[in-house]
Structures are given as structure tokens and as C-alpha cells.
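Asker: Pasting a structure below so you can have a look.
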Amino acid sequence: MAQLGRLPDAESVVVVPTATGDDVVLASLPTREGWWTAFVRYHGCWMTPQGATSVSLVRAQFAPRPDDVLLATYPKCGTTWLKALSFAIANRSRHPVVGAGAGDHPLLTTHPQDLAPFIETPFRHLHPLAALDALPSPRLLSTHLPHQLLPPRAAELGCRIVYLCREPKDVVVSTWHFMNKVGNGFFLDLDEAFELFVDGCSLYGPIWDHCLGYWRKSIEEPDRVLFLKYDDMMADPTGHVKKLAEFLRVPFTDDEVDAGVVEEVVRLCSFEKLSRLPVNSSGVVDRIGGRPMENSSFFRKAKVGDWKNSLTQEMAQKLDAVIAEKLKGSVEEWKNYLTEEMAKKLDAVVEEKLKGSAAMAQVELEADSVLTGEEEDESLLLSMSSSSNKLQTREGWWTTFVLYDGCWMDRQAAMSVSLVRAQFVPRDDDVLLATYPKCGTTWLKALAFAITNRRRHHVVGAGDHPLITQSPHDLVPFIELPFRHIHPLAAALDAISSPRLLGTHMPHHLLPPRVGCRIVYLCREPKDVVISTWHFMNKVIEGFSIDFDKAFELFVDGCSPFGPIWNHCLGYWNKHVEEPDRVLFLKYDDMMADPAGHVKKLAEFLRVPFTDDEADAGVVEEVVRLCSFEKLSCLPVNSGVAGRVGVDERPMKNSVFFRKGKVGDWKNYLTKEMAKKLDAVIEEKLKGSGLTF
């Protein structure tokens, strides 16, 4: 029997010092025996500790471009073939496959793995991402990452994805052969490998979650995500090459078709051709980081149905049953998006998968992963490392800021956000109140709390309302504050009964991946925001003072807490346009002009609309009065001191959350030139979005 991976000894656990001196331990992630070493479960996905570290770094630091094309596969699903085909198709004008120049095509002298590099390997803590930054656009890149672990901004920027899946029974056999070949003295019995695979424990597994993630995105966004099947491509390679060319926006011309270019692409990229080339049949290259592999290991058989030579009938039925169970709901879930023909075709596929397995015993399946307090985002291990800090930094408002996934913030905030993304457990009935800092956060929290809790805490004729004795920030806590590496999430938020009303300053693309709850977003005129931010920062940080001119330039340059403000607003605006029933987008100036109307609108969205009796009794107006700046700012509770950030040396007076609450106060501070400059930046950044201030 093969020796499977084990938990590392205590002295071999990887510990990386963070910028604040805290130690974050890799072994805190859930761990189990893997194929050749211990695997860790990172965001519901099994991988090696080295892989998790690299993936985290990619998520935090990889800078996608709108014209990137990402070739995504589960391991051993035709990755090398897809890379070769995509490269030949996309570059055929520069590297012809027919006629003059065809004899020195890059695919004849360069391994396909090197022509479309992975974003997560070689391990990025050993080989920096700068290698990818140097590639000219448009870049052809690849990944084995599941969709939920892709860098968040890849989708936001519209990067196209080609996903190739394969019959799972062929995948497990191919994976078993590959691992035993490249493992350098490692050997695993097929029975053991099969049980791990069926249990969901294989690299980047479970395979069903991997496939479903991209399948669902292809249904949602068919123009951005192309979903292909290996078996179908093998049956009709010419048709799929044409389809791939269309998706890559380089369709074949009639002249090319007549000249046999399509067939030549198929021939050039065929297993028979590529596997015999010296560059692919000899030589050893370390493409991962610490594990040299023979180039020939990427070419074995490429046959459909080869699993029949390795799996018993019982093994095949068991895996079929698991896959059928896991995919069973995928048709119904997306019925609203499918045409009748698409639905029928997919129904037939699932029915075929279910055939013969109905009488089988229920296969015990591992529960879907929930991001618990045990899981820590690995970006804390590296991107915040004091020894090798690779995040972009610059002078911020009161300290050095880091650019964390396109968003400027101080290091403490970045660490907290990272932990929230890994550990926060959302609930379906949560309501998230999202704002850019100094955009009416306190007011929105007070209004939302008063509206949703008015049955329990009456606003008419009641002098003991919680808003009279507690700060709105304590009634609607932030998910990222106080800093979660200092004040754990579980203790603060898990104990809150449902439905929870929570707040955040995080931009939409940094929200925890599994958040699907309703969101209320409140934005504000940026010129008022920069004034309010400047006053706030000078007031809350003891001994700190920043000149207004300097603060303004930082703001206009996009460098302010959770900035740039235009990206913050656009992220939620775009989601509001896509899902208006789930994301409510409000404007501070409009709310100030018609508070009663917006309170009613907010109540409708929160699913607690005002009754006619309440309207007649003046409940709406009383909510407005109770939550008004004039009322809240005069309450004793809002003049005390509290440590809301989580750093001992930064307690804040509750009164700092109440300054003026006026629309247009910027006119008292900004010069005409400043106002024009900021207006021009905002107009340029929002151009074409439909969002205006």
C-alpha cells in the first residue's frame, strides 16, 4: 500500500510573519491525507499547502486585463491540447500554419505549456507574477483554479474564459497515471487514488464543483465563458476549432477554410503530431517550482473511454452515481436561462448519467465546504509578509497604504478584509449595508435598523428605542471592523440572530465569495466625500494632520481608504443594474431631498413595507425624525468614546460620526479648479456606465 500524505510535524509547519508581527499558520486550514502529501482545504478546494499559498498570492496580486483570455481546466482534462489549439488559432496571422513560415511555427519548438502560461504556477511565492505582467496584450493565460478562486477582478473586467471538461472516469485514470509518473519515487494504488477522487479529494477538487462553477457561469454569461467537452471535441475537432475561433474573436475567413487552415490547425495540434516532436518527447522542465517533470509526461494516450481498461464495473458505477447526484440539480437551477432546446439536450445528458444508478445505495458524499473560522486566507501569509512584501505600496493619508486587489487601504484593514473573505459565513437572509466611507453610513444604519425593527421597537411614542441609547454602529456592526485578526468574526457576528443587518465599506469585488444576500448601497457626491473624509481623518487619529491640498490630490489619484471611489461605486452600480431585486442603489443627495420617500423605498426593499395604518399614524415621518442628524447628534450616547476599529491606540469619540450632514458643503472648501478637476476624473471613470452624480 502506498504511503499517503500526513499532517506535517509541528516543527515543519510553515509560519510566515505578518507586517504586524502576528504569525499566521498554514496548518490552521483543514487538512487530510492527499495523493502524495497532506492536502489543505482552501475555500472548499483541495490542494497542496504550496498550491494554496500560490493561489492566495495570485488572488491578491494578479492584475487582469480586459482583453485577457483564460483557458481553464480541471487537471488532466485536455489542458495541453486546449493550449495548443488556442495558441495556433489566436496567433495564426503572425505564425501561419499553412504555406510560408509554417515550418517554423512556435508549436514545433516550444511546449504548449510554455505558450499559454498558468497564472498560479510556477508557485508565485517562488516565481513572482512579474513574468505575466511583462506579456504583451492580449494575453493567452491558463489556470486549474475553480471559478470561485479566480482573481475577483477578472470577471469585473470582462476577461473571457474557455473551459474544457472531460468524462470524470477518464480524468481519474489519467490523473493516477500522471501522478505516479511525475512523483519522483511516489506510487499510489489505483484503488486508493479512486477513493480519494470519489471523495472529492484530488488537486483542485472536487471535480464536480469545478465543472459546475464554470458551467453556471457559461449559462449566465455565454458571451464571456465558453464551455467545451473533451469527448465532443475529439469527435468533431474541426467544428470545435471553428467554434473556438469565433469565441476568441478571430473567426476563420472563407479563404482560410478553402485553404484548409482549419484542418491544418487540427493536425498541428493533434496528439499524434505534438507527442512526437522533440520538444515534447524529451527534456525535463520545472514548471511548478521544485518538481522537475519530463515534457513527455503531458502526453499519454488522449483516448476517450480509456477508463474501461482500468476501472472495474463497480468503480465506474460508483463514480457515475456521485457525478449524477452532484449534477442533478444543475438543469433545474438554470432553467430560466436555457432555451427549450438547450434544456432538452442537458436533460438527456443528466438522464444518461443517472441511467443504471437509481437502484444503487446512496453514496456518502462530503458536505459542501463552508468557510469557517479555521480557514485563513493565505494572502495573509505572503502579501502581508514583512520579509517579502510584494503588494504595491504608496504614501497614504496617515500611514503607508497597500493596493489590495485594486483597492487602497492600510495594512491592518487589508489583513482584516482578507480574513473576512476567508472566514465570514453569510446567511441567505442577511442584509448588507454597503457604503464608501463618509457617504452617510451612520444615517443608513440608523434608518435600516429603525425600519426593520419597528414591530419590536416602536418609533412612535416610545422613549426607550435602542437608537436613543446605542450608537447606530453598534446596532449594525461592520463585518470587517473591528479588525478581524484582532477581534474574531465568530464571536462578534455568529451570535447575532437572523435576519442580520450588517455593514461594510468593502468594494463589491472584495465581498466574501459566497455572499448572495440583499445589499443596500448608498453613494454620495464625491466632492462632499473628500471634504468629509479630510475632516474625519484629522479628527480621529491623534497627533495626525494632513493638509487639505495633499488629501485632495490623494483622493483624486484614487488613493483613499477603500478607494478609488469610482471603482467602489461602479462595482455596486453594475450589480444593481444586473440584479435590481438584490442590490438597491441609493444616492445621499436624493435621500436628503426626499427622506420620507426613500424610507418607504428602503422598507419595500427590506421586505417590511409600511402599512396604510402606519402611514396614517405618521410612522414614516417618525422614522425620519428619529434618525435625523439633528436628533442623533444630540444624544448623549453619540458623544462617548468607543474602540470600533480594533487598534488600542485608536479609540474614537462617537461624535466624530456626526459633523454636518449637509449636501454641497464642498463649496466651502474646494476651489473652482479643484471641483472641475475632480468632476472631470469622475466623469471619465463613469463614462458609459449610466451612473452620474
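The values are calculated or read from the model by the stated rules, or taken from the named source; none is laboratory data. Keep in mind that this is a model prediction, so the values were computed, not measured. Here Cβ is always computed from backbone atoms with ideal geometry, including for glycine, and neighbour counts include all displayed protein chains.
Asker: Considering every residue within the range 177-198, establish whether at least one is within 25 Å of LEU226 (Cα to Cα) and either in contact with a strand residue (DSSP E or B) (Cβ under 8 Å, 6 or more places away or on another chain) or hydrophobic (A, V, I, L, M, F, W, C) (or both).
Answerer: no
Asker: Then there is this: Quick check on CYS165: is it under 24 Å from the mean Cα position of the chain (by Cα), crowded, with 16+ Cβ neighbours inside 10 Å and at pLDDT 90 or above?
Answerer: Considered against the rule, which asks whether it is under 24 Å from the mean Cα position of the chain (by Cα), crowded, with 16+ Cβ neighbours inside 10 Å and at pLDDT 90 or above, CYS165 comes out as yes.
Asker: Can you report the number of residues in the range 33-86 which are among the basic types (Lys, Arg), modelled with pLDDT of 90 or more and either closer than 29 Å to MET415 by Cα or in contact with a Lys or Arg (Cβ under 6 Å, 6 or more places away or on another chain) (or both)?
Answerer: 1
Asker: When you look at ALA130, is it free of Cβ contacts under 8 Å to residues at least 40 places away in the same chain, over 19 Å from MET47 (Cα atoms) and surrounded by fewer than 18 Cβ atoms within 10 Å (Cβ to Cβ), yes or no?
Answerer: yes
Asker: Same structure again: Residues in the range 529-558 that are outside any helix (DSSP H, G or I) and farther than 15 Å from THR671 by Cα: how many?
Answerer: Result for the range 529-558: 8.
Asker: Please tell me if ASP223 is out of contact with any Cys (no Cβ under 6 Å at 6 or more places or on another chain), charged (D, E, K, R) and outside any helix (DSSP H, G or I).
Answerer: Criteria met by ASP223.
Residue-by-condition table, conditions (1) under 29 Å from ASP320 (Cβ atoms); (2) surrounded by fewer than 16 Cβ atoms within 10 Å (Cβ to Cβ):
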{"position": "ILE219", "(1), (2)": "yes, no"}
{"position": "LEU226", "(1), (2)": "yes, no"}
{"position": "LYS229", "(1), (2)": "yes, no"}
{"position": "GLY239", "(1), (2)": "yes, yes"}
{"position": "LEU248", "(1), (2)": "no, no"}
{"position": "ASP255", "(1), (2)": "no, yes"}
{"position": "ASP258", "(1), (2)": "no, yes"}
{"position": "GLU264", "(1), (2)": "no, no"}
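Asker: Pick from GLU578, GLU553: which is modelled with pLDDT under 90 and either within 29 Å of PRO152 (Cα to Cα) or within 33 Å of the chain's Cα centre (by Cα) (or both)?
Answerer: Selected residue: GLU578, the only one of GLU578, GLU553 that is modelled with pLDDT under 90 and either within 29 Å of PRO152 (Cα to Cα) or within 33 Å of the chain's Cα centre (by Cα) (or both).
Asker: Could you tell me which residue of the range 525-564 is surrounded by the most Cβ atoms within 10 Å (Cβ to Cβ), considering only residues that are among the basic types (Lys, Arg) and farther than 25 Å from MET591 by Cα?
Answerer: Only one residue fits best here, namely LYS539.
Asker: Residues to consider are ARG160, ARG139, ARG92; find the one that is surrounded by fewer than 22 Cβ atoms within 10 Å (Cβ to Cβ), touching a residue at least 24 places away in the same chain (Cβ under 8 Å), under 29 Å from LEU327 (Cα atoms) and of a type in the set (Lys, Arg).
Answerer: Testing whether each residue is surrounded by fewer than 22 Cβ atoms within 10 Å (Cβ to Cβ), touching a residue at least 24 places away in the same chain (Cβ under 8 Å), under 29 Å from LEU327 (Cα atoms) and of a type in the set (Lys, Arg) leaves just ARG160.
Asker: Do you know which residues across the range 74-101 are of a type in the set (Phe, Trp, Tyr) and more than 25 Å from ARG59 (Cβ to Cβ)?
Answerer: Those that are of a type in the set (Phe, Trp, Tyr) and more than 25 Å from ARG59 (Cβ to Cβ): TRP81, PHE87.
Asker: If ALA63 satisfies all but one of (1) part of a helix (DSSP H, G or I); (2) touching a helix residue (DSSP H, G or I) at 6+ places or on another chain (Cβ under 9 Å), what's the number of the condition it fails?
Answerer: (1)
Asker: Select the strands (runs of 3 or more DSSP E) contained entirely in the range 389-506, then report the ones holding at least 2 residues which are of a type in the set (Val, Ile, Thr) and buried (at least 18 other Cβ atoms within 10 Å of the Cβ).
Answerer: It comes to 431-435.
Asker: Would you pick out the residues in the range 226-240 that are assigned to a helix (DSSP H, G or I) and aliphatic (A, V, I, L, M)?
Answerer: Once the filter is applied, which keeps residues that are assigned to a helix (DSSP H, G or I) and aliphatic (A, V, I, L, M), the range 226-240 yields MET233, MET234, ALA235.
Asker: Restricting to the range 241-266, what's the tally of residues that are farther than 18 Å from ALA102 by Cα, assigned to a helix (DSSP H, G or I) and free of Cβ contacts under 8 Å to residues at least 60 places away in the same chain?
Answerer: So the answer is 4.
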